[in-house]
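Some notes on the structure that comes next.
The values are calculated or read from the model by the stated rules, or taken from the named source; none is laboratory data. Because the structure is predicted, anything quoted here is derived from the model rather than measured. Quick reminder, even Gly has a Cβ in these numbers, built from the backbone with ideal geometry, and neighbours come from all protein chains shown. Just so you know, the surface numbers come from the protein's heavy atoms only, side chains and all, with ligands and any DNA or RNA stripped out. Shrake-Rupley method; radii C 1.70, N 1.55, O 1.52, S 1.80 Å.
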Amino acid sequence: MSGEPTPALVGASLSRRFGTRTALRSTDLRLARGDRIALLGPNGAGKTTLLRILALALSPTTGTLRVAGIDVKREAPRARRLVGFISHKTGLYDDLTARENLQFYGRLYGVEALEQSIDRTLSEVALPPTSARVPVRTLSRGMQQRAGLARAILHEPAVLLMDEPETGLDPQAQEWLVGLVNRWAAADRTVVVATHRLDWAQRFADRALVLENGSLKADLPVGASPHPLLAEAYRSAVEAAW
Amino acid sequence: MTFQTGPRWGMPLASIAGTASVLALAMIFFYVPPDRLQGIVQKIFYLHVPAAWIAYLAFFVVLVGSIGYLWQRNLAWDRVARASAEIGVLFTTLVLVLGSLWAKPIWNTWWTWDARLTSTLVLWFIYVGYLMLRAYTPDQERSARFGAVLGIVGFADVPIIHYSVEWWRTLHPEAVVVRAQPQLPAEMGITLAVATLTVTLVYATFMLYRVHLEHLEDENRDLEASAEPPPAPAHA
Amino acid sequence: MRTYLVQVCALLAKDLQIEFRTRDTLTAILIFALLVLVTFNFALDIRPEIADAVGPGILWIAVVFTGPVGIGRTFSEERDRGTLELLVSSPVDRSAIFLSKVASSMAIMVAAQGLLVPAFVGLFNVQLEPGAIVPVLLLGDLGLAAVTTLLSAMAAHTRAREVLLPVLIFPIIVPLLIAVVQATSLVLGSELARDRPWLGLLVAFDAIYLSLGVAVFEYVVEE
């Protein structure tokens, strides 16, 4: 890419209120392509709110958001195609098979060469073909998680957002998830993972955003040994939550 | 040091409405002669008809507030819609109760399924549903949004209900208002006009205070919300 | 426009696929509606000579008491499963979600009536001209589906949603109920029915609530 590439995601003074409660205070952020971001913070810090805003599932009370330079208010459908999101819930229809779910979402997103894309995605998340042919409700939690992830990445989003995806995965599957994040980021896509576990974030992220009380408290690089400020910021955020 | 608790034009408007109420009551009881056929009971008419007018006006104001809210997303519009729905339900209840009191001696029944009464009752249910929807939706913003949608959807039903009920039951109801009006004696016409103006002023007063109260509640919420610890400065 | 139709069809196909697999809603609506017919028979002691007069009312009570409750549930489920959030964040126009839900709800109600109406004819021994009753049923179902879809999407976010939904729906559909009952009475050749343009009223009701739904649905599902 020549010159300064358009950032994957730019948010300016994003905030969100739920009735009387302010879940997110004026937040600015700028995520580059290929960034692997951990969104850290204790429960109730506003991680999910921010993630849902970035996923375009929630509109901010104030502020503007651009995905790959596209204003999400002006050109919502175009921007929505560029974002993939998996929350605590897999977002799958229990009575349909994983493949049927993917076919449905693929049509909504206008995925081309749908069947090949589904095959490719299923192998990407390592969901065995036999598991893709039975209703989702019969799958184990881990397999459902993989199928949900397949749903989130089927349309090859430029920004992939995950809310505590490690929950319910065994250590082996967590390792696999790290591999997926790395492969995805290597393809110049941005990955944002919300988690409250600093140790887990260290394994995949190269940058961490720490949220406390609805405000962005720190934006620091993550290494094998965490930046002392990061560990400090995270600890105080957790303590503040207590 | 004085605290202003009421709305700015509250006292003047309330005084005018109060004075007008006394005047209207005096006219109803002492000025206008009793109806030749129905006797003293017919005087309910001077409150019943204005109340019905206010009920429809109030629900129209709900519609306006609802459209305004969806258009500008300003809670001020929502306060108007919500207050007007409450007052509209109050006046609709009044219409139904007064109608019953009037119907008993005249038609010898508390209730009859004539077109006008039935439409009013259906309207009462729609706006009671509106208030329930508002009360059962916890999030304030969502409550305002849902209320606005129902305020539009509900009012769109008013003409349809009117025609369907009219076609369904066209027995006698036109009687008093429509047929009587052209030959209404001057005293009756004047009293009805004064009563209508009075009830409209009362509605305006209620609205002013109710909207103001909601405004204070919102401000109070904002104060409570901002009392939370201020955000720590970001390192970013 | 093509994208829009593809999306509506995908949404509709998904709803019908799920319903075809589980038959949850259809079974619930059908059994509940049959029970209403039977219960009314005991409650009102319907002898053949009054069947023509009260039959239409009972048939439509069975329809409006069961349809909204059954199809209103699907929105609550989409919300609880988290799929509604994904539909809203996907590049789908909100009105496409509305129209597809109206269509799938209507399909389920029509399927239930495929058995309910013959049961009604048999149980109450009335004569129904199929060509005359089908338009009444379809127009009634369409309006009912439109109002229910719009209101159940709101009720899904409230406390006491199972109770609130009927409270919101029934007053709004009063004109629809009057029109379908009178039109059905006319089909039965009832002397008591008032001969008015009921089908015209139904068309107007359906048109108003479909277009209102298309216009305001985005305000209902936004977060």
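Any residue in segment C:149-157 that is more than 9 Å from chain B (Cβ to nearest Cβ), surrounded by 22 or more Cβ atoms within 10 Å (Cβ to Cβ) and of a type in the set (S, T, N, Q)? Yes, that holds for at least one residue. Of all the criteria given as (1) in contact (Cβ under 8 Å) with a residue 12 or more places away in the chain; (2) part of a helix (DSSP H, G or I), the one not satisfied by C:Ile46 is (2).
Residues that are away from chain B (no Cβ under 11 Å) and among the charged types (D, E, K, R) within segment C:171-205 comprise just one, C:Glu191. Scanning segment A:201-223 for residues that are more than 10 Å from every other protein chain (Cβ to nearest Cβ) and outside any strand (DSSP E or B) gives A:Ala201, A:Gln202, A:Arg203, A:Phe204, A:Ala205, A:Asp206, A:Val222, A:Gly223.
Hey, could you check segment A:157-180 for residues that are under 10 Å from the mean Cα position of the chain (by Cα) and surrounded by fewer than 22 Cβ atoms within 10 Å (Cβ to Cβ) and say which is modelled with the lowest pLDDT? Selected residue: A:Glu164.
When residues in segment A:10-69 are screened for being in a helix (DSSP H, G or I), within 27 Å of C:Tyr219 (Cβ to Cβ) and open to solvent by less than 50 Å² (accessible area, probe 1.4 Å), 6 of them pass. Does C:Asp15 satisfy the condition of being open to solvent by 10 Å² or more (accessible area, probe 1.4 Å) and either over 30 Å from A:Arg80 (Cβ atoms) or over 17 Å from the mean Cα position of the chain (by Cα) (or both)? No. Determine if segment B:126-134 includes at least one residue that is on the phi > 0 side of the Ramachandran plot and either open to solvent by 10 Å² or more (accessible area, probe 1.4 Å) or away from chain C (no Cβ under 14 Å) (or both). Within segment B:126-134 (the criterion being on the phi > 0 side of the Ramachandran plot and either open to solvent by 10 Å² or more (accessible area, probe 1.4 Å) or away from chain C (no Cβ under 14 Å) (or both)), the answer is no, since none of the residues qualifies. For C:Ser76, the test of being of a type in the set (S, T, N, Q) and open to solvent by less than 10 Å² (accessible area, probe 1.4 Å) is failed. Only one of the numbered conditions (1) facing chain C (nearest Cβ under 10 Å); (2) open to solvent by 20 Å² or more (accessible area, probe 1.4 Å) is not met by B:Thr118, and that is (2). Among residues of segment A:87-112 being facing chain C (nearest Cβ under 9 Å) and aliphatic (A, V, I, L, M), the one that is surrounded by the fewest Cβ atoms within 10 Å (Cβ to Cβ) is A:Leu96.
Any idea which residue in segment C:213-223 is farthest from the other protein chains (Cβ to nearest Cβ), counting only those that are surrounded by fewer than 19 Cβ atoms within 10 Å (Cβ to Cβ) and not acidic (Asp, Glu)? The qualifying residue farthest from the other protein chains (Cβ to nearest Cβ) is C:Val214. Of the residues C:Leu123, C:Leu165, the single one that is open to solvent by 20 Å² or more (accessible area, probe 1.4 Å), more than 8 Å from chain B (Cβ to nearest Cβ) and either under 30 Å from A:Thr49 (Cα atoms) or part of a helix (DSSP H, G or I) (or both) is C:Leu123.
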